[in-house]
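Enquirer: The structure that follows is given in the form of structure tokens.
The values are calculated or read from the model by the stated rules, or taken from the named source; none is laboratory data. Quantities reported herein were computed from a predicted structural model and do not represent experimental measurements. Heads up, the Cβs are rebuilt from the backbone with ideal geometry, glycines too, and the neighbour counts pull from every protein chain shown. The protein model used for the area step is the full one, side chains on, heavy atoms only, and it has no ligands, DNA or RNA in it. Shrake-Rupley method; radii C 1.70, N 1.55, O 1.52, S 1.80 Å.
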Amino acid sequence: MSDDSLPSPPGARTGARTAAVIPAAGRGVRLGPGAPKALRALNGTPMLIHAVRAMAASRAVSLVIVVAPPDGTAEVKTLLDAHALPERTDFLVVPGGETRQESVRLGLDALPPGIDIVLVHDAARPLVPVDTVDSVIEAVRDGAPAVVPALPLADTVKQVEQGGAAGEPEPVVATPDRSLLRAVQTPQGFDRETLLRAHEVVTGNVTDDASMVEQLGLRVVVVPGHEEAFKVTRPLDLVLAEAVLARRRLNDGF
Ligand code: C5P
């Protein structure tokens, strides 16, 4: 945590208030048939509740805005009421949109005045540790307009030719230098005005919010992510997530 007796670097935001927007309106088709992904249970508790708790675990986060499936807003409100959440954190639920980008924008529309830093966190990353959340917030406080947690890649990555027929072998066109690549996670952290401007100005399909800030020509920095911040996408990820929860319970009675 920052030492108030030290001079702040230029652009640093001291005493900034932080909100987290959690897009949770996706269907999660890759996980197989069933409830919307965010509402699937991990060890008996919906993934979304784990994700909300992960954000609220940071003492810096004073508000969590959940972007719910449009037909599931009431259900999500009921869920939040039914689960123990920290008293110091406020919660809002808003209906989501057709794409992740639209859902995030609808969450941003609900931001009250007085919030200076915004985290955007996928409901599909329920197990991100609080230290990762805090280090993202800290880097924004220190003056970065956009911060992403990320990990080096374990696999070598190949770029393939565009437009190949499904199921056919795909010609490789390049092998990017793996040491310069990072696999990006959430929460991504932003100076509020920067993120609002990115969502106003940038159109087109994007898969994360930081890339919108990159398109504005602003500096985006990477801080270390965490292996437990993985995205629950496919059925095997559910098995891994439950194993992580079981290990935490053994280690610290969580
Ligand atoms: O589909 P993907 O795994 O990239 O989704 C990432 C996050 O965006 C998930 O938490 C999902 O619920 C959310 N999302 C959303 N609205 C959509 C599509 C995805 O809130 N229309």
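Enquirer: Testing Val118 on (1) open to solvent by 10 Å² or more (accessible area, probe 1.4 Å); (2) in contact with a Leu (Cβ under 6 Å, 6 or more places away or on another chain); (3) more than 9 Å from the ligand (Cβ to nearest atom), one condition comes back false. Which one is that?
Expert: (1)
Enquirer: Let me ask you something else. Would you check which residues across the range 225-247 are loosely packed, with under 15 Cβ neighbours inside 10 Å and more than 22 Å from Arg30 (Cα to Cα) and list them?
Expert: Ala246, Arg247
Enquirer: I'm trying to understand the selection: among the residues of the range 149-165, which are open to solvent by 10 Å² or more (accessible area, probe 1.4 Å) and part of a strand (DSSP E or B)?
Expert: Leu151, Pro152, Gln159, Val160, listed by residue number.
Enquirer: Exactly one condition in (1) open to solvent by 40 Å² or more (accessible area, probe 1.4 Å); (2) touching a residue at least 60 places away in the same chain (Cβ under 8 Å); (3) in contact with a helix residue (DSSP H, G or I) (Cβ under 9 Å, 6 or more places away or on another chain); (4) outside any strand (DSSP E or B) is false for Ser135; which is it?
Expert: (3)
Enquirer: Another question, then. Taking the range 36-50 on its own, how many of its residues are surrounded by fewer than 16 Cβ atoms within 10 Å (Cβ to Cβ) and either within 23 Å of Pro112 (Cβ to Cβ) or free of Cβ contacts under 8 Å to residues at least 24 places away in the same chain (or both)?
Expert: 2
Enquirer: Away from the ligand (no atom under 16 Å from the Cβ), modelled with pLDDT of 95 or more, surrounded by fewer than 19 Cβ atoms within 10 Å (Cβ to Cβ) and not hydroxyl-bearing (Ser, Thr, Tyr): is that true of Pro145 in this structure?
Expert: The answer is no for Pro145.
Enquirer: Moving to a separate point now. Which ones in the range 51-104 are of a type in the set (Ser, Thr, Tyr), within 16 Å of the ligand (Cβ to nearest atom) and open to solvent by 20 Å² or more (accessible area, probe 1.4 Å)?
Expert: Thr73, Thr99
Enquirer: Here is a list: Leu119, Leu111, Leu216. Which entry is more than 16 Å from Val64 (Cα to Cα) and among the hydrophobic types (A, V, I, L, M, F, W, C)?
Expert: Sole residue among the options that is more than 16 Å from Val64 (Cα to Cα) and among the hydrophobic types (A, V, I, L, M, F, W, C): Leu216.
Enquirer: Here is a list: Gly26, Gly107, Gly32. Which entry is open to solvent by 20 Å² or more (accessible area, probe 1.4 Å), within 18 Å of the chain's Cα centre (by Cα) and farther than 15 Å from Val133 by Cβ?
Expert: Gly26
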